[in-house]
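One structure is given below, encoded as structure tokens.
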Amino acid sequence: MSESKKNNGINHASSSRRESMTSLFSEEDEDEHRDESKSQLELKYHVAQNQFLRSNVIREQPSSSSSSSSSKDIHGTYKIAVVGYGHVYEDLDEDGESTKVKENVNISMDKDKHGYRYDSVALTNGLIENGIYAVRVDYKPREHDAFKQYVIEEKFDAILVRINPGQITPHSNQERFDDLMEELENKTDILIFGNKASLRNMGSKIALVKIRKLACGLRDTRAYYTKKEMERGLKKGLKVWPRVLKQNRGSTGCGIWLVWLKGKHDRIMNMNKIEDSDNNNTSSSNSSSGSGSGSREEEEEEEEERKKNDDGEEEFEIGDDTIVVCQEMNDNHIEEHTFKELVAFCACGKNHPDAGGNWTSVSDGNYLQQQNDDENDDDDKVDKQSQLLKGAFVVDQRLLPRISEGEIRMVFVKDELFEIIHKKPVGENGRSAVAWNNKTTFYKPEEPLFRDLTEKFLKNDIQRIARKLNLAYNALPLLWTADFIPMDDDEEEEEEPDEREKEEQNKKDVNNRKTKTRYILGEFNCSCVGLTKFRAACGPDKDMSDVSDQDYFDGAKLCDLIGKRCKLRLDEHKEGLKRKAMVNRIAWGTILGFVALLSSKSSSSGQRVGGIKGVDDSNKNDRLRRRQSNKSVNERSQEGRR
């Protein structure tokens, strides 16, 4: 049987399953145009009412504030430091000349032409417009102590971290910064947005392992902490299906690898391309096939042959020299390596002898931070908790082929859903929808197309996820996203049908089969979520002036909500500090009162004991005087008798 016929049989079954998703986005352009027209009218209204004031630079601080004031309470206004990294600053060269230097030269994909993060102007203005005194502050590892002293002396109420995970290099500098944020939050009254606890619980890829048994999780999700553990687990997974390997700390798809076996998984990887062309010819195919049973029998035979092939492939063994195709999600580039080289790259880095020395990725690997083969060689001896705390692990999930249909991103401000974004991969090898690799469509939270997803997630999953991640519901990050990938939901077919049911099912047209869509959570983002509407400001020759009025207005609404929820959280934090101070006063008052009571009791007890002793001594003296007096009387009476 030819490969084209085999693929055709596969596509008829799978394309029918995707009928709902195909119709879901078939009218995307029309809906986008309708929403755009509505937003344009809204924009014109706000301009006419003088409610829309555009600013491409940082606005003036609240009128009651003074930039020279170092008081914690600036006339009732909160004070926030928006902390970034990699900005341009002036330094002196050897001759004492002023020169422009970048602290982070290699990672500048999220910066504008001024060297600042592209959305920092809009975000800072959103805080200022809500009455918050907000300033941008640069973090430079070489000035770590000066940064710490500055934020303490300036008495900031909060720090909003806008640094992508892994941007601060080397890793020791990133850890030092994270530890400082934790120290400031625990030992001062400064509130940290983007603290170490939230990154460890929700921002870490280990969250995908913790939620794997929920409806929005994948049960075969696993984490690797050692090289040997990865060798065993990845061999087992790759035998069945292509896998997605995810480093713990990364951004914009860096260190996220789609891997599959060359030759063995080519049919799966090419399935989506074939389905797209097949869907375009569905009508002509159906008209030529008619309603005869011959075409259905051919399709059934092809499906049975595919199943037999899949069953027979379980005996396939993966060796060190097995070729693995690797595609990194940050730029969709593809490179081929042996299985041994792939594991060495992930465990020990691209410079390890076993890694092959020919990796073209911008990522250095070394996700397990295992510098040599002997380190953590025994899985039983490895301290997984220590590995977890320093982020030295890799998460492994199976590929969901319907990622080619797009990724659904839900954008939250605290517990409030702001918008839904559909991001469809673009390009020949497009399977990643990060940043510039996607076509983006925006939807309102109440969008009917995603009502089933939003209702289930908001009413059920979000509370369960918070419990699984040991995260208080009211401690959700200020700005975070949940990214979902569609998959066919076959969970309803739990019981094996009998022969009669199978026969009846086979008589039905394959094109009438419909499978419910289920959405799988592929990632949380809570450390430094980008504000998509301002993406036009990103680039070495771009800034906020390159953002259209429409995008600016839509993005400003998100920044305004962030400012409002930030202020509300600061109000809660302030009340919490008041309660804490009151409890401390009561506790210390109780302790001091108890000490004073003990002291007074001890003093009065001593006086009472001393008084009794004095009375006893006085009585004793009286008795002695009486004895002496009686003795004198007796002596005189005896002398008188004589």
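The values are calculated or read from the model by the stated rules, or taken from the named source; none is laboratory data. From a predicted model like this one, the values you see are computed outputs, not experimental measurements. Positions of Cβ are generated from backbone atoms using ideal geometry, with glycine treated the same way; all protein chains shown enter the neighbour counts. These area figures cover heavy atoms from the full protein model, side chains too; ligands, DNA and RNA do not enter into them. Shrake-Rupley method; radii C 1.70, N 1.55, O 1.52, S 1.80 Å.
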Filter the stretch 241-259 down to the residues that are closer than 29 Å to Glu175 by Cα, among the hydrophobic types (A, V, I, L, M, F, W, C) and open to solvent by 10 Å² or more (accessible area, probe 1.4 Å), then identify the one that is modelled with the lowest pLDDT. Cys254
Within the stretch 184-199, the residues that are assigned to a helix (DSSP H, G or I) and of a type outside the set (A, V, I, L, M, F, W, C) are Glu185, Asn186, Lys187, Lys196, Ser198
Taking into account only those residues within the stretch 572-594 that are among the hydrophobic types (A, V, I, L, M, F, W, C) and open to solvent by less than 80 Å² (accessible area, probe 1.4 Å), which is nearest to Thr188 (Cα to Cα)? Leu577
Leu218 vs. criteria assigned to a helix (DSSP H, G or I) and open to solvent by less than 30 Å² (accessible area, probe 1.4 Å): no
Residue hits (the stretch 455-464; at pLDDT 90 or above and closer than 27 Å to Arg162 by Cβ) are Phe457, Leu458
Of the residues Gly233, Gly263, only one is more than 29 Å from Glu153 (Cβ to Cβ) and surrounded by 16 or more Cβ atoms within 10 Å (Cβ to Cβ); which? Gly233
Looking only at residues in the stretch 137-183 that are outside any helix (DSSP H, G or I) and among the basic types (Lys, Arg), which one is nearest to Tyr552 (Cα to Cα)? Arg162
Per the filter on the stretch 200-215, residues in contact with a Leu (Cβ under 9 Å, 6 or more places away or on another chain), open to solvent by 40 Å² or more (accessible area, probe 1.4 Å) and assigned to a loop (DSSP other than H, G, I, E, B) are Arg212
Can you tell me how many residues in the stretch 416-444 are at pLDDT 90 or above and surrounded by fewer than 16 Cβ atoms within 10 Å (Cβ to Cβ)? 2
Failed condition for Leu238, given (1) touching a residue at least 60 places away in the same chain (Cβ under 8 Å); (2) surrounded by fewer than 22 Cβ atoms within 10 Å (Cβ to Cβ): (2)
Taking Asp546, is it over 25 Å from the mean Cα position of the chain (by Cα), acidic (Asp, Glu), surrounded by 11 or more Cβ atoms within 10 Å (Cβ to Cβ) and modelled with pLDDT of 90 or more? yes
Before we move on, is Ala482 open to solvent by 30 Å² or more (accessible area, probe 1.4 Å) and at pLDDT 90 or above? no
Could you please let me know if Ile192 is hydrophobic (A, V, I, L, M, F, W, C) and in contact (Cβ under 8 Å) with a residue 40 or more places away in the chain? no
Filter the stretch 169-199 down to the residues that are surrounded by fewer than 19 Cβ atoms within 10 Å (Cβ to Cβ) and in contact with an Asp or Glu (Cβ under 9 Å, 6 or more places away or on another chain), then identify the one that is modelled with the lowest pLDDT. Ala197
Residue in the stretch 117-136 that is of a type in the set (A, V, I, L, M, F, W, C), open to solvent by less than 10 Å² (accessible area, probe 1.4 Å) and outside any helix (DSSP H, G or I) present: yes
Looking across the stretch 358-382 at residues that are open to solvent by less than 70 Å² (accessible area, probe 1.4 Å) and either among the β-branched types (Val, Ile, Thr) or modelled with pLDDT of 85 or more (or both), the single one that is nearest to the chain's Cα centre (by Cα) is Tyr367
Six or more apart or on different chains, Cβ under 9 Å: which pairs go from a residue in the stretch 536-550 that's under 18 Å from Lys439 (Cβ atoms) to one that's open to solvent by less than 10 Å² (accessible area, probe 1.4 Å) and part of a helix (DSSP H, G or I)? Could you list them? Ala536/Met544
